Every structure is written in structure tokens, then in C-alpha cells.
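Q: Here it is: the structure, laid out below.
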Amino acid sequence: MGHKIYLILFLLAHLGLSTARAQTSPIIDVPLNADDVLVIKGLDLQVTFTKGAGSSLRVTGVDNTSQAGAYRAERKGHQIFIIMNEYDSKRDWKSILAQKSLKRKVIDIRGPSVPVEVHAREGQISFNQWQNKAEVHLVQGKINANQSRDLTFTMQKGEVNLSDMQGSLKARATQGQMTFKNMTADGEVHLQSGQMVLEKAKGNWSINTQNAAVKVLQSQGVLEVENQKGLWTVSKFKGRVDGQLRDGNINISVLEDSDVNLKSAGGKMQIQVPQGAGSYLNLLSAEGDLFLPGDLKANRGGSEKSYRGRLRGDSQKVSVTARSQEGLIILKY
């Protein structure tokens, strides 16, 4: 009886070990040369890049088989490819692409931060302390990056969360939810619709939106705004702001050492300057309206309302110029 129990336990342990081995993703080491670039292409991907030591990339999740749909790694000159094996016929491709949900391929990459490119239909791409330039092109998906640098991405629809980034950011999305925090970078962002938050950022930022809600919080540097139709909130900004608005609205408050220059066709501009900062104001609404604090009076001539002058204060380190054709200008302090 004791021998039977021992045999059963041995078999269970053996089977469990075999299963664990079968479920473990294969790991390969890819030696690196100078100027190598890593390119990953697939349909539905979950890829994580983590900075590590050594002279090679440790890649988990590559199949390295000839089976259609499996992923393989190969080198062509200074390009290292991780790509999916082609299907034999157009019918097979059509069938795969028609599937609403594919089994997501999970790939983990650790090692020196080499330049990378990722191309996928859907995906979740993450960068952890990746200190080299990265490009991500998705139809739909999610991008996360922490303590990384120099990111370029495009997507039709998705979510992006970046924190503690340096270098440069170039982003283009049709519809998205974007959150950028603690950025020391220069950014160029194009967002048609959705939401964006830029918080505690330093650098030169150019942001173009069609119909999006944007918040810029406690940031400094240079901010270039182009807003077609949507609501912008810029709070406690320090630096230079240049803005072009069509029918969009903007609420902006600035700190000392700031220069604001806004132009609007028909939207509302609400501008708050620091109390007692000696701000210089040059405000004009051609066919709209201009509202000033109680102790200030606008000049009126026909349909035009304007105000030009300096407020009380000693610092004289704030300048605001606002021009509107048919919109509303509101000044606060």
C-alpha cells in the first residue's frame, strides 16, 4: 500500500513538473552589436521593455518555430526582427484578421536600451527605464512608460500613461486618453478627440487638438496651443503661451515670469494673472465681449471692446495679449 501511494505521489509530482515546463515561455539571448535596432511586428502584442545589464537582450516569449502565426527572431544586418510567421494563403490571413479577439502574444525583453520599433494592430506596450529612442505604431492599444526617453507613437484609439520621461515625445492619436506626468521633455502632440493631462512638465510643448479636453497643470516652459473645438484648462503655468483657437475655449492662469499671446475666432478665453504682479494687458474683442474686474473699464468703439495698460504691482513680469473676433474674453486676478 505504501509503495502505491509513493508511486502516485511521484507521478503527480512528475506530471506537475512537466506541465510547468510546457507552460514556461522559451528564453533566448540575442547578442548585440553597435548601432543595432530592434523591430517587433505582429497582430496582437503585449511587449515589455526593461533596462538591464549585459551585452545581449534576453527575450522571453519567442517561439522560433516555422508554424504559421508563431513568432521568430532573426537578424538582418543591424536590424533584429521579432516577427510573426506568414500564413500560406490570403484566405487564412482574411480569417485571422476577421477575428475580433486574437490570443495576445506576450513578449518580455530585458537588457541594454537599444532603439526599438513596434508595429501592431492591437497591443499593450510598456517601457521601464528604457533609455533609448522608441517608436510604437498601433491601431488600438495602450502604452505605458516610466523613467524612459525619446518616444514616438501613433494610434487610432487607445490609452497612454507616461511618467518621469526625458528627451522628446512625438504623439499622434485619433482618439485617446493621455496622461503625462513629471516630464522633462519637449513634446509635440496631435489629438483629435479624447482627453489629455500634462502635469508638472518642463520643456517646449506644442499641442494640437480638434475636439478634446486638455489640462496643463503646474508646468513651465513654452506651450503652443492649437484648439479647434474643445475645452482647455491651463493652471499655474510659468513661461510663454502662444495659442490659436477657433471655437474652442481656454481657461488659463499664469504665474510671474509669463508671457501669454492668444488669438481666437469665436471661443471663450478666461485669463487669470497673479494679484499685484504689475501685468501688462493688451486685450481686444472685435465683435464679441470683454469682461474685466470691477476696477478696470474697457474701451468701447462700435462693436469693439479693448483694454491696454499695466496693472498695479512692482514685478512687471507678466504680459498678456489676447485677440478675439467674435468670442468672449474674461480677465481675472
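The values are calculated or read from the model by the stated rules, or taken from the named source; none is laboratory data. Just so you know, these numbers come straight off a predicted model, no measurement behind them. Positions of Cβ are backbone-derived with ideal geometry, glycine not excepted, and every protein chain shown enters the neighbour counts.
Q: Determine, yes or no, whether LEU217 is of a type in the set (A, V, I, L, M), without any contact (Cβ under 8 Å) to a residue 24 or more places away in the chain and out of contact with any His (no Cβ under 7 Å at 6 or more places or on another chain).
A: yes
Q: Checking the condition surrounded by 17 or more Cβ atoms within 10 Å (Cβ to Cβ), touching a strand residue (DSSP E or B) at 6+ places or on another chain (Cβ under 7 Å) and assigned to a loop (DSSP other than H, G, I, E, B), which residue from VAL136, VAL114 passes? Give the steps one after another, and end with the answer.
A: Values: VAL136 fails: assigned to a loop (DSSP other than H, G, I, E, B).
Of VAL136, VAL114, the one residue that is surrounded by 17 or more Cβ atoms within 10 Å (Cβ to Cβ), touching a strand residue (DSSP E or B) at 6+ places or on another chain (Cβ under 7 Å) and assigned to a loop (DSSP other than H, G, I, E, B) is VAL114.
Condition check ((1) more than 28 Å from the chain's Cα centre (by Cα); (2) under 23 Å from ILE143 (Cα atoms); (3) modelled with pLDDT of 90 or more) across all residues:
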| position | (1), (2), (3) |
| --- | --- |
| THR50 | no, yes, yes |
| LEU57 | no, yes, yes |
| ASN64 | yes, no, no |
| LYS76 | yes, no, yes |
| ILE83 | no, yes, yes |
| TRP93 | yes, no, no |
| ALA98 | yes, no, no |
| LEU102 | no, yes, no |
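Q: For region 251-290, list the strands (runs of 3 or more DSSP E) that sit wholly inside it and hold at least 3 residues that are more than 29 Å from the chain's Cα centre (by Cα); which are they? Break it down into steps so the answer makes sense when it comes.
A: Working: elements: 258-264, 268-272, 280-285.
In region 251-290, 280-285 are the strands (runs of 3 or more DSSP E) which contain 3 or more residues that are more than 29 Å from the chain's Cα centre (by Cα).
Q: Output the residues belonging to region 297-333 that are in contact with a Gly (Cβ under 8 Å, 6 or more places away or on another chain) and aliphatic (A, V, I, L, M).
A: Listed by number, the residues that qualify are LEU311, VAL318, LEU328, ILE329.
Q: Quick check, is SER148 more than 9 Å from the chain's Cα centre (by Cα), within 18 Å of GLY221 (Cα to Cα) and at pLDDT 95 or above?
A: Working: more than 9 Å from the chain's Cα centre (by Cα): yes; within 18 Å of GLY221 (Cα to Cα): no; at pLDDT 95 or above: yes.
When the stated conditions are applied, SER148 does not pass them.
Q: Here's a follow-up. If you go through region 221-238 one residue at a time, how many are over 15 Å from LYS200 (Cβ atoms) and either among the hydrophobic types (A, V, I, L, M, F, W, C) or assigned to a loop (DSSP other than H, G, I, E, B) (or both)?
A: Going through region 221-238 one residue at a time, the tally reaches 7.
Q: Among the residues of region 281-301, is there at least one that is over 22 Å from MET183 (Cα atoms), at pLDDT below 95, surrounded by fewer than 16 Cβ atoms within 10 Å (Cβ to Cβ) and hydrophobic (A, V, I, L, M, F, W, C)?
A: yes
Q: Considering region 190-214 alone, what residues qualify as being in contact with a Phe, Trp or Tyr (Cβ under 8 Å, 6 or more places away or on another chain) and charged (D, E, K, R)?
A: Matches in region 190-214: GLU199 only.
Q: Just a yes or no: is a residue in region 307-314 surrounded by 17 or more Cβ atoms within 10 Å (Cβ to Cβ), modelled with pLDDT under 95 and out of contact with any helix residue (DSSP H, G or I) (no Cβ under 7 Å at 6 or more places or on another chain)?
A: Residues of region 307-314 surrounded by 17 or more Cβ atoms within 10 Å (Cβ to Cβ): 307, 311, 313.
Checking the rest, the ones that are also modelled with pLDDT under 95 come to 311, 313.
Narrowing the set further to residues that are out of contact with any helix residue (DSSP H, G or I) (no Cβ under 7 Å at 6 or more places or on another chain) leaves 311, 313.
Yes - at least one qualifying residue is present in region 307-314.
Q: Among the residues of region 239-250, write down those that are part of a strand (DSSP E or B) and either crowded, with 17+ Cβ neighbours inside 10 Å or without any contact (Cβ under 8 Å) to a residue 12 or more places away in the chain (or both). Please lay out each step first, then the result.
A: Filtering region 239-250 for residues part of a strand (DSSP E or B) gives 239-245, 249-250.
Those that are part of a strand (DSSP E or B) and either crowded, with 17+ Cβ neighbours inside 10 Å or without any contact (Cβ under 8 Å) to a residue 12 or more places away in the chain (or both): GLY239, ARG240, VAL241, GLY243, LEU245, ASN249, ILE250.
Q: Taking only region 305-320 into account, find how many residues are out of contact with any Leu (no Cβ under 7 Å at 6 or more places or on another chain) and assigned to a strand (DSSP E or B).
A: Counting residues in region 305-320 that are out of contact with any Leu (no Cβ under 7 Å at 6 or more places or on another chain) and assigned to a strand (DSSP E or B) gives 4.
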